[in-house]
Amino acid sequence: MKSIAIIGAGVTGVTTAFVLCKLGYNVTVFEKQRYPGIMTSYANGGQLSASNAEVWNHFGTILKALSWLFKKDAPLKMNYWPNWHKMSWVSEFLLQTRNYKKHTIATTMMAIESRKQMQKIIDESGINFDKSDCGILHVYKSQREFEHAHKVNELLAEGGLERRRLTGNEVLEIEPNLTKNFIGGYYTKTDSTGDIHKFTSNLANIAIARGVKFKLWTDVTDISTLGQEVKINSRAHGSEENTDIFDTMVICAGVASGKFSRKLGDSLNIYPVKGYSITVPLSDSNAQKKAPMVSLLDDESKIVTSRLGQDRFRVAGTAEIAGHNLDIVDSRIKPLTNWVEQNFPELSTKDVQPWAGLRPMRPNMMPLVARGKKPNIYYNTGHGHLGWTLACYTANMVGELINTADVQKGHSI
């Protein structure tokens, strides 16, 4: 049986392990943390959102970002200390404005297909992760934002996504707990929400039961190729360095993917764009009644929400270009708590649980699913802010790449 190593046990690595195991491969997952899904796949906005497939490489978005540069509580913040990685990433990002329409349509199509692949996993495994088929409601306060949304909707429609345009009154019909008056919105009934950490952790347990081996709390110190084999040096917590040999390797290491790619003769320009979230506990019946059941996306504030079961309300947003930094800054959390207090004043924000994670973003905002320069190296990484939305699709993509290569070589798995 052919052996495959996966580096990274976030949502991308775990879904890839599940798919490759199903295809008949002997899979081992290496993860530096003690548990799967404990870093960027821990407390994101919770949305499975084809409706949020618009890439950020748009002139209007860039102009807004420039106006935000000196505001501490702006949706985007940049650390001005210069370094080559940041400068090269931003430069490439700006050049990708020419592909804005093409990439938005392509991302929409991937998100819709990923939804189908996730449903297959749910049907097959019975996995539970507080999934809600509530749909996602985009809301708009200004006419300018709403008009841009109409143009975005045309691109999403080209990608195959159906949405319903709403008046301000129709927005309140779908989510009556909203207290602000919005001039309109878009509702995507086919989008959903859930707990990414529960999904990743529970799917990892199912994969283990099916034979996937997880080497957790294990730091990969070096990787190299030896002809048709891959050598991985690693050190488990409290142990000496160990060497393992595999036939193939898939890099699903999020923001660390660039570091590993350079060891293999490849070069991935992936930048860690930090995002924040708060989890609002709904500790009594009144809070549970007043919190929204429908998932929201406030496009002007760049804030998303999800209801996770009866007793949790997740609010996420902001982007911070500040390098490999996981510090939780109060000035970045404050806009999230303020948004809750303004829109749902009966919810207490006294005991919110703040979190920050690093989104692995490529300049073109597209995930990378490809072979490396070495024939037994593959990449499934760089999903940015849509990691969970696209994970099931890209896992199947990399599975097809590996399986096709083996069939062409006449290899047996």
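The values are calculated or read from the model by the stated rules, or taken from the named source; none is laboratory data. Keep in mind the model is a prediction, meaning the values are calculated, not measured. Every residue, glycine as well, gets a Cβ built from its backbone with ideal geometry; the counts of neighbours run over all protein chains shown. The area values use the complete protein model at the heavy-atom level, side chains included, leaving out ligands, DNA and RNA. Shrake-Rupley method; radii C 1.70, N 1.55, O 1.52, S 1.80 Å.
Only one of the numbered conditions (1) charged (D, E, K, R); (2) surrounded by 14 or more Cβ atoms within 10 Å (Cβ to Cβ); (3) at pLDDT 95 or above is not met by D133, and that is (2). Contact map, the stretch 278-291: residues that are within 22 Å of N44 (Cα to Cα) paired with residues that are in a helix (DSSP H, G or I) and modelled with pLDDT of 95 or more, Cβ distance under 6 Å, separation 6+ or inter-chain. Pairs shown: I278/L336; L282/Q288.
Conditions (1) touching an Asp or Glu at 6+ places or on another chain (Cβ under 8 Å); (2) at pLDDT 95 or above; (3) of a type outside the set (A, V, I, L, M), marked per residue:
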{"position": "H150", "(1), (2), (3)": "no, yes, yes"}
{"position": "R165", "(1), (2), (3)": "no, yes, yes"}
{"position": "E170", "(1), (2), (3)": "no, yes, yes"}
{"position": "E175", "(1), (2), (3)": "no, yes, yes"}
{"position": "A207", "(1), (2), (3)": "no, yes, no"}
{"position": "V212", "(1), (2), (3)": "no, yes, no"}
{"position": "W217", "(1), (2), (3)": "yes, yes, yes"}
{"position": "S224", "(1), (2), (3)": "no, yes, yes"}
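Scanning the stretch 79-91 for any residue that is over 20 Å from H383 (Cβ atoms), of a type in the set (F, W, Y) and open to solvent by less than 90 Å² (accessible area, probe 1.4 Å) turns up nothing. Restricting attention to the stretch 366-398, the residues being touching a residue at least 60 places away in the same chain (Cβ under 8 Å) and under 25 Å from G194 (Cα atoms) number 21.
Return yes when R262 is within 22 Å of I377 (Cβ to Cβ) and assigned to a strand (DSSP E or B) and no when it is not. No.
Within the stretch 202-226, the residues that satisfy the criterion of being assigned to a helix (DSSP H, G or I) and crowded, with 21+ Cβ neighbours inside 10 Å are L203, A204, A207. Filter the stretch 271-297 for residues that are touching a Leu at 6+ places or on another chain (Cβ under 7 Å), under 25 Å from L172 (Cβ atoms) and of a type in the set (K, R) and give the result. K290 - this is the single residue of the stretch 271-297 that is touching a Leu at 6+ places or on another chain (Cβ under 7 Å), under 25 Å from L172 (Cβ atoms) and of a type in the set (K, R). Selection over the stretch 2-44 of residues that are under 30 Å from S295 (Cα atoms), in a loop (DSSP other than H, G, I, E, B) and either among the β-branched types (V, I, T) or in contact with a Phe, Trp or Tyr (Cβ under 6 Å, 6 or more places away or on another chain) (or both) gives a count of 3.
There is no residue in the stretch 242-253 that is open to solvent by 30 Å² or more (accessible area, probe 1.4 Å) and either in contact with a Phe, Trp or Tyr (Cβ under 6 Å, 6 or more places away or on another chain) or among the basic types (K, R) (or both). What about L358, is it open to solvent by less than 30 Å² (accessible area, probe 1.4 Å) and not in a strand (DSSP E or B)? No. Go through K64, K86, K32 for me and flag whichever is farther than 26 Å from K189 by Cα and over 22 Å from the mean Cα position of the chain (by Cα). It is K64.
Inspect all residues belonging to the stretch 58-68 and state whether any of them is of a type outside the set (S, T, Y), farther than 30 Å from N396 by Cα and in contact with a Pro (Cβ under 6 Å, 6 or more places away or on another chain). Let's see the steps before the verdict.
Quick first cut of the stretch 58-68, residues of a type outside the set (S, T, Y) only: 58-60, 62-66, 68.
So of that shortlist, the ones also farther than 30 Å from N396 by Cα come out as 59-60, 62-66, 68.
Now narrow it down to the ones that are in contact with a Pro (Cβ under 6 Å, 6 or more places away or on another chain): none.
No; the residues of the stretch 58-68 include none that is of a type outside the set (S, T, Y), farther than 30 Å from N396 by Cα and in contact with a Pro (Cβ under 6 Å, 6 or more places away or on another chain).
Considering every residue within the stretch 342-351, establish whether at least one is among the small types (G, A, S), in contact (Cβ under 8 Å) with a residue 40 or more places away in the chain, on the phi < 0 side of the Ramachandran plot and touching a Pro at 6+ places or on another chain (Cβ under 9 Å). Before the answer, list the steps.
Initial filter on the stretch 342-351 (among the small types (G, A, S)): 348.
Filter once more, keeping what is in contact (Cβ under 8 Å) with a residue 40 or more places away in the chain: 348.
Adding the requirement that they be on the phi < 0 side of the Ramachandran plot leaves 348.
The next check asks that each one be touching a Pro at 6+ places or on another chain (Cβ under 9 Å); those that pass are 348.
Looking for residues that are among the small types (G, A, S), in contact (Cβ under 8 Å) with a residue 40 or more places away in the chain, on the phi < 0 side of the Ramachandran plot and touching a Pro at 6+ places or on another chain (Cβ under 9 Å), one finds at least one in the stretch 342-351, hence yes.
Taking the condition closer than 25 Å to I321 by Cα, open to solvent by less than 10 Å² (accessible area, probe 1.4 Å) and of a type in the set (V, I, T), does T381 pass? So T381 passes the test.
Regarding V19, is this residue within 23 Å of the chain's Cα centre (by Cα), aliphatic (A, V, I, L, M) and within 30 Å of R115 (Cα to Cα)?
On the way: within 23 Å of the chain's Cα centre (by Cα): yes; aliphatic (A, V, I, L, M): yes; within 30 Å of R115 (Cα to Cα): yes.
It is true that V19 is within 23 Å of the chain's Cα centre (by Cα), aliphatic (A, V, I, L, M) and within 30 Å of R115 (Cα to Cα).
Working carefully through the options N343, N338, N286, find the one that is open to solvent by less than 10 Å² (accessible area, probe 1.4 Å), over 18 Å from M78 (Cβ atoms) and not aliphatic (A, V, I, L, M). Write out each step before concluding.
Numbers: N338 fails: open to solvent by less than 10 Å² (accessible area, probe 1.4 Å); N286 fails: open to solvent by less than 10 Å² (accessible area, probe 1.4 Å).
From the options N343, N338, N286, the qualifying one is N343.
Condition check ((1) on the phi > 0 side of the Ramachandran plot; (2) basic (K, R); (3) under 21 Å from the mean Cα position of the chain (by Cα); (4) in a helix (DSSP H, G or I)) across all residues:
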| residue | (1), (2), (3), (4) |
| --- | --- |
| K116 | no, yes, yes, yes |
| I121 | no, no, yes, yes |
| C134 | no, no, yes, no |
| R144 | no, yes, no, yes |
| H148 | no, no, no, yes |
| K151 | no, yes, no, yes |
| E154 | no, no, no, yes |
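Applying the criterion of being open to solvent by 60 Å² or more (accessible area, probe 1.4 Å) and within 24 Å of the chain's Cα centre (by Cα) to the residues of the stretch 156-177, the residue that is farthest from S295 (Cα to Cα) is E158. Annotation note: of I105, I112, the sole residue that is open to solvent by 20 Å² or more (accessible area, probe 1.4 Å), in contact (Cβ under 8 Å) with a residue 12 or more places away in the chain, of a type in the set (A, V, I, L, M, F, W, C) and closer than 26 Å to M293 by Cα is I112. A residue that is without any contact (Cβ under 8 Å) to a residue 40 or more places away in the chain and either of a type in the set (D, E) or on the phi > 0 side of the Ramachandran plot (or both) can be found somewhere in the stretch 239-250.
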